[in-house]
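Colleague: My questions all concern the structure below.
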Amino acid sequence: MRRIDNAGDIQAGLAALTASDERLARAIALAGPVPLRRKPPGFAALAEIILSQMVSKASAAALWRKLEAATGGIDPQTILALSPEASRAAGLSRAKTETLARVSEAVISGQLDLDHLCAIDGKQAISAMTAIKGVGPWTAEVYLLFCAGHPDVFPAGDVALQSAAAHALELNERPSPRVLSGLAEPWSPWRGVAARLLWAYYARVMRRDATPLGD
């Protein structure tokens with residue numbers, strides 16, 4: 001499976017999408033540069049994605065700074081050592097605190113190998129991640145997109161992607177996750193690039209914060 005590792009991979013995906021859907025060709029022309037947005041795999045990357053669930057980019061960044069200050073360095077051990085009072089002081093909701101703790105325990109026990117997940121089939125990786133309570137499909141899919149460079153993952157539950165698709169594809173309403181997933185099927189095997197394109201479109205054409213939102 002070809003990974004999305006560099007700007008050349010993005011361009012190859014955009015070329016294929018242009019050929020497969022003329023509506024995307026228009027979106028590509030309007031969106032401007034499509035960022036790669038790759039991150040090293042591991043606990044810190046997944047923790048950052050969990051913090052960004054259902055909040056804006058600015059809010060997620062603020063949570064990260066507070067958590068980093070509270071822990072002295074974000075890893076499974078420091079997360080589990082964090083007191084409930086310190087978690088609240090860092091601005092974490094109970095749900096986020098509990099999810100981070102479960103992920104930490106799974107990583108320490110070996111149940112969750114975040115590097116290995118980047119090397120296996122996407123559906124298998126998503127299944128392994130979503131087996132942990134609090135880690136939904138969106139979290140797993142965003143991790144595989146940006147940490148594994150998976151070329152064909154598409155987080156249809158992402159609100160920004162839904163809004164961008166409605167605007168770019170000239171739909172009458174914002175599509176549901178199921179409808180958007182169906183619309184994205186013809187973009188395979190480059191749905192990971194299509195997601196990046198629509199986030200870029202959302203940021204530039206719709207003038208909104210393009211942080212993925214989901215779960």
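Here, each number is a calculation from the coordinates, and none is a lab measurement. Predicted, not measured: the structure shown is a model, and the values here were computed from it. For neighbour counting, all protein chains shown are included, and Cβ atoms are generated from backbone atoms with ideal geometry for every residue, glycine included.
Colleague: To one decimal place, what orientation-averaged projected area in nm² is obtained for the convex hull of the Cα set of region 107-215? Before the final figure, lay out the partial values.
Modeller: On the way: hull surface 27.7 nm².
So the Cα hull casts an average projection of 6.9 nm².
Colleague: Per DSSP helix of 4 or more residues, -39500 (n - 2.57); summed, then divided by the residues of the chain. What does that give at 222 nm, rounded to the nearest 500?
Modeller: Details: 12 runs with 128 residues, N = 215.
Mean residue ellipticity, 222 nm, calculated: -18000 deg cm²/dmol.
Colleague: So, one more: How do 69-82, 180-193 rank on mean C-beta neighbours within 10 Å, highest first? Kindly include the intermediate steps, with their values, before the conclusion.
Modeller: Numbers: 69-82: 15.2, 180-193: 18.8.
In decreasing order of mean packing, 69-82, 180-193 become 180-193, 69-82.
Colleague: In addition: Can you tell me the length gained on complete extension of the stretch residue 68 to residue 185, counting 0.36 nm per residue apart and subtracting the Cα distance?
Modeller: Numbers: separation 117, 0.36 × 117 = 42.12 nm, distance 3.87 nm.
Roughly 38.2 nm would be gained on extension.
Colleague: If you don't mind, another one. Using 0.36 nm times the number of residues separating residue 176 and residue 29, minus their current alpha carbon distance, what extension gain do you get? Can you show the working numbers first?
Modeller: Details: separation 147, 0.36 × 147 = 52.92 nm, distance 2.54 nm.
Here the answer is 50.4 nm.
Colleague: For a Förster distance of 25 Å, can you work out the FRET efficiency between the beta-carbons of residue 78 and residue 159, rounded to the nearest 0.05? Working shown, then result.
Modeller: Working: r = 31 Å, r/R0 = 1.23.
About 0.20, to the nearest 0.05.
Colleague: State, in angstrom, two size descriptors of region 45-122 derived from its alpha carbons: Rg to one decimal place and Dmax to the nearest whole number.
Modeller: Cα-based Rg and Dmax for region 45-122 come out at 12.7, 39 Å.
Colleague: Moving on. Go from 0 up to the bin containing the longest alpha carbon distance in region 33-171, width 10 Å each, and give me the % of pairs per bin.
Modeller: Answer for region 33-171: a P(r) of 11, 42, 34, 11, 2 percent.
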